[in-house]
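Below is one structure; the comments refer to it alone.
The values are calculated or read from the model by the stated rules, or taken from the named source; none is laboratory data. Just so it is clear, the model here is predicted, and its values are computed rather than measured. Neighbour counts run over all protein chains shown; Cβ positions are idealised from the backbone, glycine included. Quick note on the areas: whole protein, heavy atoms, side chains included, nothing else; ligands and nucleic acids left out. Shrake-Rupley method; radii C 1.70, N 1.55, O 1.52, S 1.80 Å.
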Amino acid sequence: FHGIISREQADEILAGVEGAYILRESQRQPGCYTLALRFGNQTLNYRLFYDGKHFVGEKRFESIHDLVTDGLITLYIETKASEYISKMTTNPIYEHIGYATLLREKVSRRLSRTKNDSRKASVTSEENTSVEKITSLVRRAALTQNDNHFNYEKAHNFKVHTFRGPHWCEYCANFMWGLIAQGVRCSDCGLNVHKQCSKYVPNDCQPDLKRIKRVYCCDLTTLVKAHNTQRPMVVDSCIREIEARGLKSEGLYRVSGFTEHIEDVKMAFDRDGDKADISASIYPDINIIAGALKLYFRDLPIPVITYDTYSKFIEAAKISNPDERLEAIHEVLMLLPAAHYETLRYLMIHLKKVTLHEKENFMNAENLGIVFGPTLMRPPEDSTLATLNDMRYQKLIVQILIENEDVLF
């Protein structure tokens, strides 16, 4: 650190020493610090910041020395290989070989399901297919013979990552340079790529079960792809249990179960997945199971009726003409991600069954709309006023979905 000196003085100190650097305090802005770095026979000056770690751009470093080391690597690569970098994504190995995350453990159970699938879920059956081992940077999923695979589209969940040791991009097959934060890794499936290559990777993420630590609070599409199911197993298990012993229960979904017992069910699903025991012998009160199902929907990071479609549903609900309103709601339903659509469809079929026992449970479509409106759809912005203003439309949307499930789905 050389205190308050000018750019010219910094240039004199560093002259002729490639890779050397000093720190100085700005003459024009006292209290602000500058990193002066010698590279390419010139002195480069960068405004230096500190928030617990040192940085001049988006990367944070424990020490100035690490920052400079990474900077020199980047400067060298960008200077010597700029044309090469610009062409990295033109002939990716990704497109030629194909990608799916290597499933490191076989599916623990054989999936059995009906063939009455949603129009938005495309199902493919791989029969007697032997997947050859591919000795390349790209990992490929070995699909279990005769297992159905639901091809829901899912974007990768890329986050900046620091790789230990040499790593190559699984999109373009080129080296990932730098000291830290050399690229990005998908936290759901483990795909490693350059940050610039991540823009070109298709929405074909196949989450790895080992990376999915819980069931509740997990993105809906991520969960169903990780477990290779058509819908979240929580939804299937809870609805199956409710329909077996609770359709005539008075105030079903309106009456609350004990919070601590609902939390127990949540922990059971997080711990045991589809093997969670929610039978009457463990939870005799059906309201606990109903509460656990509602909690699952409330805990979703992206609601079943997504933030992207929320305003469109609200606008559709405001249409006065019943036929036009129904058509508008149907059009917005088609915009939902496939896994969300299928989950909503299955839930509405179930809630329609609940209304058929209205004489015993006193729950009609309107009452269920009041309960499930705020549970299934939330405004994108966290505004109490917006939520209060939209509550009647949230209720109306769910009510219409229940009453017209056979037409809308």
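Considering only residues in the range 237-272 that are open to solvent by 10 Å² or more (accessible area, probe 1.4 Å) and among the β-branched types (Val, Ile, Thr), the one that is farthest from Leu344 (Cα to Cα) turns out to be Thr259.
Closer than 25 Å to Lys154 by Cβ, under 21 Å from the mean Cα position of the chain (by Cα), open to solvent by 20 Å² or more (accessible area, probe 1.4 Å) and assigned by the TED database to the domain that holds Arg185: is that true of Asp204 in this structure? So Asp204 fits the description; yes. Restricting attention to strands (runs of 3 or more DSSP E) lying wholly within the range 1-86, give those where 3 or more residues are open to solvent by 40 Å² or more (accessible area, probe 1.4 Å) and outside the structural domain of Arg164 (by the TED database). Passing ranges, in order: 42-50. When the range 277-307 is filtered for residues that are in contact (Cβ under 8 Å) with a residue 40 or more places away in the chain and within 20 Å of Leu401 (Cβ to Cβ), the ones remaining, listed by number, are Ala290, Leu293, Lys294, Tyr296, Phe297, Arg298, Leu300, Ile302, Pro303, Val304, Ile305, Tyr307.
Results for (1) modelled with pLDDT under 95; (2) farther than 14 Å from Arg378 by Cα; (3) in a helix (DSSP H, G or I), shown as yes or no for each residue.
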{"position": "Gly273", "(1), (2), (3)": "yes, yes, yes"}
{"position": "Asp277", "(1), (2), (3)": "no, yes, no"}
{"position": "Pro284", "(1), (2), (3)": "no, yes, no"}
{"position": "Leu293", "(1), (2), (3)": "no, yes, yes"}
{"position": "Phe297", "(1), (2), (3)": "no, no, yes"}
{"position": "Pro303", "(1), (2), (3)": "no, no, no"}
{"position": "Thr309", "(1), (2), (3)": "no, no, yes"}
{"position": "Phe313", "(1), (2), (3)": "no, no, yes"}
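Among the residues of the range 371-382, are any open to solvent by less than 80 Å² (accessible area, probe 1.4 Å), within 21 Å of Asn287 (Cα to Cα) and without any contact (Cβ under 8 Å) to a residue 60 or more places away in the chain? Break it down into steps so the answer makes sense when it comes.
The initial filter retains those residues of the range 371-382 that are open to solvent by less than 80 Å² (accessible area, probe 1.4 Å), namely 371-380.
With the extra rule that they be within 21 Å of Asn287 (Cα to Cα), the set shrinks to 371-376.
After this cut, where a residue has to be without any contact (Cβ under 8 Å) to a residue 60 or more places away in the chain as well, the list is 373-374.
There is at least one residue in the range 371-382 that is open to solvent by less than 80 Å² (accessible area, probe 1.4 Å), within 21 Å of Asn287 (Cα to Cα) and without any contact (Cβ under 8 Å) to a residue 60 or more places away in the chain.
Taking first residues from the range 342-358 that are within 13 Å of Arg231 (Cα to Cα) and partners that are of a type in the set (D, E, K, R) and assigned to a loop (DSSP other than H, G, I, E, B), the Cβ contacts under 6 Å between residues at least 6 apart in sequence or on separate chains come to Glu342/Arg231; Thr343/Arg231; Tyr346/Arg231. Condition check for Val234 on (1) within 30 Å of Lys359 (Cα to Cα); (2) touching a Phe, Trp or Tyr at 6+ places or on another chain (Cβ under 7 Å); (3) open to solvent by 30 Å² or more (accessible area, probe 1.4 Å): one failure, at (3).
Give the residue, chosen from His194, His161, His227, that is open to solvent by 20 Å² or more (accessible area, probe 1.4 Å) and closer than 18 Å to Ile73 by Cβ. Before the answer, list the steps.
Values: His194 fails: open to solvent by 20 Å² or more (accessible area, probe 1.4 Å); His227 fails: closer than 18 Å to Ile73 by Cβ.
Matching residue, one of His194, His161, His227: His161.
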